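J.: Following this message is one structure expressed as C-alpha cells.
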Amino acid sequence: MPEHLPPAIQTISERLQQFIATELLPREASLATSEAVPAEMQAAVREASRQAGFFQMTQPAEFGGNPADTLTLTVIREALAAANTRLGHLVLGPGPGILHSASGDLKSRYLDPVMAGEKRGAFGFTEPDSAPRPTWGVLDGDNLTVNGQKSYVTGGATADFVSVLVNLENPAGEKLGTAMVVVDRRDPGVILDREFTSMEGGGHVSMVFRDVQVPAWRMIGKPGEGMPRALGNIGNVRLMVSAQATGMCQWVIEFVEQHLRAPHRTGSPLGEREGVRLRYADMRIETYAARSMLYRTARLVDSGENSVNETIATKVFCTEVAGRVVDSAVQLVGGQALVSGHPLEALYRQVRSFRLIEGASDLLRINLVKGKLELDKGRL
Ligand SMILES: Cc1cc2nc3c(=O)[nH]c(=O)nc-3n(C[C@H](O)[C@H](O)[C@H](O)COP(=O)(O)OP(=O)(O)OC[C@H]3O[C@@H](n4cnc5c(N)ncnc54)[C@H](O)[C@@H]3O)c2cc1C
C-alpha cells in the first residue's frame, strides 16, 4: 500500500493531487460527456504538466527528462486513474519505448522526433488467426523486404510509423530470428486493411505489408533481438496497467460509497442492508489486496531484484479485481449504471480490455509457471 512513502514521493503525491484539482478537473468540467478533448486543451494540459515537472518523469535525461523510479510512477498513475478524468493520460510525457537504444538514423529520424512530440509510433505485434504465416522479412544486404499482416495496431491510422515484430530470413530462406522493424506508414506496400474501434473507445487498424522495402538501419538492434526487445519494457507497462486498474477500483468504491449512503426509494439507504454490505466489503477487500500487491511489486522492481513473476501476478490480479469491482458496482447501483454517459458504464467498457492488453490473463499465468519451473525467475 502507499503508506510510509519516502517524504520526496509523498510530496510529489500531494503536488499531484493539487494539480488534478486545479488543472485537470476544472478543464474537464467544461467538456460535454461525449465531446472529444480539443487539441488546444490537450496542449494546455501537457504544458501545465511540464511546468509542474510531471511530464518529464517518464523521459530520459538526455531528452530533458527527469525520470522517476517505479514507485513514484506507480503513485502518479494510480492517482490519475483514481481521479477518473479523461485528461489523466496527458500528464506523463511519451517515453522512448522500444526505440530507447536507437542510434544513428533511427535516432535522428524516429526517436528524436518522438521525444520532441513531432512523430508518433504504434506497435504491431498481434497477428490475425487467419495469417498464412507470421510477418516475415527477407534481409538482403542493406535492404529488408517485409510481407505479412498485423491485426490490432492501436493508433495505427494516425501513427507516423509502426514498430513491427518480423521473422527474419536470408534470401536463401534460412531463419535469422526475429527483429523489431520500424515500418513507416508512408512506405509503399503498407496497406491499412481495416479501421475499427474497441468498446472502450480506442481506435485501431489491421495492416497488411506487401513487399515493403525497408532500409536495414530501421531494424531496432540486431537480427534475433526482436522478441526480447518487444518484451523488454513490458514489465513496466504491465505495472502501469495494474496501477490504472487499482486507481479505477479506488474511484469506484468511493462512488459506490456515496450511492450506499444516499436515499433509496425503499425508504432507507442501500448501505443499511446487510446483503449489500457483504458485496461492498468484497469490493474493498479485493481493492486492498490488489493495491498491497501493486506497491510491493513496485518496490521490488526498484530494488533491482528479478520481479518478472511478481509483475505478471500483479497484472493478472489487479486487472481481474478491477473487472469484479466495476461489475459489482454496476450491480449495486442498478440499471442507471448502464445508461450511456454514466461513469460506470464507461468504466465497464474500459476495464474489459485490461485482461487482454499486454498479455492475456491465462497466457500470463502460463508464463508465470514457466518462469518458475523452467527459468527459476522471481519468488512466485
Ligand atoms: C484495447 C486493445 C488494444 C490493443 N492494442 C494492440 C497493439 O497496439 N498492438 C498489438 O500488437 N496488439 C494489440 N492488441 C492485441 C492484444 O495484444 C491481443 O488481443 C492479446 O495479446 C491476445 O491475443 P489475441 O487477441 O490474438 O487472442 P489469442 O491469442 O487468440 O487468445 C485468446 C484466448 O485464448 C486463450 N489462449 C490462447 N493461447 C493459449 C495458450 N497457449 N494456453 C492457454 N490458453 C490460451 C486465452 O484464454 C486467451 O485469452 C490490443 C488489444 C486490445 C483489446
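Each reported figure results from applying straightforward, stated rules to the coordinates on display, with no laboratory input. Because the structure is predicted, anything quoted here is derived from the model rather than measured. Here the Cβ is made from the backbone with ideal geometry for all residues, glycine too, and neighbour counts use every protein chain on show.
J.: Could you work out how far apart the two model spin labels at residue 324 and residue 339 are, taking each label as a point 7 Å from the Cα in the direction of the beta carbon, and quote it in nm?
T.: About 3.0 nm, to one decimal.
J.: So what are the ³J(HN,Hα) numbers for the range 208-224, from phi and the Karplus equation (6.51, -1.76, 1.60; θ = phi - 60°), rounded to whole Hz, Gly and Pro as x?
T.: 10, 10, 10, 6, 6, 8, 10, x, 4, 5, 7, 7, 8, x, 9, x, x
J.: Per-residue ellipticity at 222 nm for the chain, helices alone: DSSP H runs ≥ 4 residues times -39500 (n - 2.57), over residue total, nearest 500 deg cm²/dmol?
T.: Result for the chain: -14000 deg cm²/dmol, rounded to the nearest 500.
J.: Further, regarding this structure: Work out how much length residue 22 to residue 103 would gain on full extension: take 0.36 nm times their residue separation and subtract the Cα-Cα distance, in nm to one decimal.
T.: Gain on stretching residue 22 to residue 103: 25.2 nm.
J.: Amide H of residue 83 versus every other amide H placed in the peptide plane: which residues, excluding those fewer than 5 positions away on the same chain, fall under 5 Å?
T.: none
J.: Kindly rank 196-203, 315-322 from highest to lowest mean number of other beta carbons found within 10 Å of each residue.
T.: 315-322, 196-203
J.: Turning to a different aspect of this structure: How do 326-335, 258-267 rank on mean C-beta neighbours within 10 Å, highest first?
T.: Top to bottom by mean Cβ count within 10 Å: 326-335, 258-267.
J.: So, in nm, how far is label residue 15 from label residue 234 when the simple model puts each one 7 Å beyond its Cα toward the Cβ?
T.: My value for the distance between the label points is 3.4 nm.
J.: What is the fewest-to-most order of 78, 272, 169 by other Cβ atoms lying within 10 Å of their Cβ?
T.: 272, 169, 78
J.: Between residue 369 and residue 43, what is the spin-label point distance in nm, taking each point 7 Å from the Cα along the Cα→C-beta axis?
T.: 5.3
J.: Given the pairs 315/370; 107/370; 119/377; 107/175; 150/222, which span a C-alpha to C-alpha distance of over 25 angstrom in this model?
T.: 107/370; 119/377; 107/175
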